[in-house]
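**Q** Here you go, one structure.
The values are calculated or read from the model by the stated rules, or taken from the named source; none is laboratory data. These figures come from a predicted structure and were not determined experimentally. All Cβ positions, glycine included, derive from the backbone under ideal geometry; neighbour counts span all protein chains shown.
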Amino acid sequence: MSEKNLDKSETQNDTLPKKPKYGKVIEGADQLSLGISIVVAIVLGVLLGLWLKSLTEYTWTLWLGVFFGIGAAVKNVHIAYKKQKKSYDELKNEPRYKYQAKDEDDD
């Protein structure tokens, strides 16, 4: 009888979701990803501008690349904002986060 209980408990433990070993590191990297993507977008824009400047010998093409990088960074911020707003909207609809006024009857 104890073997049956052991087998039953083992199968129940197998069905529970296991947390990844480096879960906190992954969560931290996800939070840092916006800052990293901003820096990478601007650096790539500057590199594009430098490459265009070396091809055309015009200084304004460097600034064109810088503006493309800044535009890409702004787009990344906008995408992150929409993603965050969507998650907050999902939380807003959960019953445990809704404000429920206490019904007090004065008799």
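**Q** Given the conditions (1) β-branched (Val, Ile, Thr); (2) modelled with pLDDT under 95; (3) touching a helix residue (DSSP H, G or I) at 6+ places or on another chain (Cβ under 9 Å), which single one is not true for Val46?
**A** (2)
**Q** Select from the stretch 57-82 the residues that are within 22 Å of Ser33 (Cβ to Cβ) and without any contact (Cβ under 8 Å) to a residue 40 or more places away in the chain and list them in ascending order.
**A** First pass over the stretch 57-82, keeping only residues within 22 Å of Ser33 (Cβ to Cβ): 68-82.
Of everything in the stretch 57-82, those that are within 22 Å of Ser33 (Cβ to Cβ) and without any contact (Cβ under 8 Å) to a residue 40 or more places away in the chain turn out to be Phe68, Gly69, Ile70, Gly71, Ala72, Ala73, Val74, Lys75, His78, Ile79, Tyr81, Lys82.
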